[in-house]
Amino acid sequence: MSNVIQDAKPAQVVPGPRKGGLTQRRLPRWAPAGIAAVSVALGIGIGAAAGLNSRIQWGLIAAALFVAVSYTMTSVVENRRQAKDRLATSVVWVCFVLAVVPLLSLIWVTVSRGVEVLDGYFLTHSMAGVPGFEAGGGVYHALVGTLQQVGLATLVSAPIGLLTAVYLVEYGKGALAKAVTFFVDVMTGIPSIVAGLFILSIMLIAGLAPSGLMGALALAILMIPVVVRSTEEMLKLVPNELREAALALGVPKWRVILKVVIPTAVGGITTGVMLAIARIAGETAPIMLLVFGSQLINTNPFEGAQSSLPFYIWEQYRVGSEASYDRAWAAALVLIVFVMILNLVARGIARWKAPKTGR
């Protein structure tokens, strides 16, 4: 009997799931997608039952249900800590969707309306001799004006913005640097119409005629603070060890900046310049004040009125006919593609010029 008792092994207790332990219950991976689908269905059903005809209202109801259901199910299945984390994640996703849906809707409408008249003829002809209420004509004169005005603005603002950023990062100390930083911050929020009025006052004082150059100067005023801010942040990212190593070899500071600092940050600087160009490409108010617009092709930005893509869009929409609306949507599509190309070029340059890290 004693041998039997000695040979008997104690029964092993298998630990069950503990709250807060490694074996805690969790929602399946497909739970967020399933909750989102159920929330959308409930949002549509509740909105339709309540007599709400706006799809925006349906979407807001679905978003609120998604956040509430995600938090409740996580609290029941997992714990309060995970529920709070899921709540924050759900709010982030809802905000992302609320930001993306209008953008996708805008792109969809612009593409669907713009492709109706967007062809080779539209891109290679102007509105010369074409009444605004009739079909025909093109956007070539506005495209040439935009390219020239944006190019001149870049030639003026990029060197000024780069040198200002170099001064603030490498040399700026004391009251002058603080004043420059303050005015750069103020210029960042200046409306485009104010920049146009500033150049217009100079034109009236000096007796100058409207031209693409005047519009480019106003665009340069809007572009300079963006270039300064982006370049300044890129220069600050350059490690101080690179500067100290070059200075320890006896290299002058100006040469360190020219040969070490700027080449290291050239990818980010170029990206900032491209984004600044995309920011000014859609400005209309300075062009209306300083360039006046034209139906003819003017390839000389230093003399005579010119047009631009934003001004062309406003001009065609003002006419009010079906043909002018189609031309306005097509020009808007061309402008979106132009800005998109600039952003893709900026990303490509940033990746190409990014510092190579070894393993």
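The values are calculated or read from the model by the stated rules, or taken from the named source; none is laboratory data. In this text the structure is predicted, and so the values were computed from the model without any measurement. Cβ atoms come from the backbone with ideal geometry, glycine included; neighbour counts cover every protein chain shown.
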- prompt: Restricting attention to region 227-242, does a residue exist that is touching a Ser or Thr at 6+ places or on another chain (Cβ under 7 Å), more than 26 Å from S157 (Cα to Cα) and crowded, with 18+ Cβ neighbours inside 10 Å?
  reply: no
query: Tell me, which residue of region 118-150 that is without any contact (Cβ under 8 Å) to a residue 40 or more places away in the chain and assigned to a helix (DSSP H, G or I) is farthest from W329 (Cα to Cα)?
result: L147
- request: Kindly establish whether L197 is farther than 18 Å from A276 by Cα, under 27 Å from the mean Cα position of the chain (by Cα), at pLDDT 90 or above and assigned by TED's automatic domain parsing to the domain that holds E303.
  value: yes
query: With T124, T89 as the choices, which residue is of a type in the set (V, I, T) and closer than 25 Å to R29 by Cβ?
result: T89
query: Any residue at all in region 211-232 that is over 22 Å from the mean Cα position of the chain (by Cα) and over 25 Å from F292 (Cβ atoms)?
result: no
- line: R327 vs (1) buried (at least 22 other Cβ atoms within 10 Å of the Cβ); (2) of a type outside the set (V, I, T); (3) closer than 13 Å to G145 by Cβ: all pass except (3)
query: What number of residues in region 166-184 are in contact (Cβ under 8 Å) with a residue 40 or more places away in the chain and either more than 30 Å from S211 (Cα to Cα) or of a type in the set (D, E) (or both)?
result: 4
statement: If we ask which residues in region 125-153 are surrounded by fewer than 21 Cβ atoms within 10 Å (Cβ to Cβ) and β-branched (V, I, T), their number turns out to be 2
message: Given the options V92, V38, V76, V69, name the one that is under 29 Å from the mean Cα position of the chain (by Cα) and part of a helix (DSSP H, G or I).
response: V92
- request: Taking L197 as meeting all but one of (1) closer than 30 Å to A265 by Cβ; (2) part of a helix (DSSP H, G or I); (3) aliphatic (A, V, I, L, M), write down the number of the exception.
  value: (1)
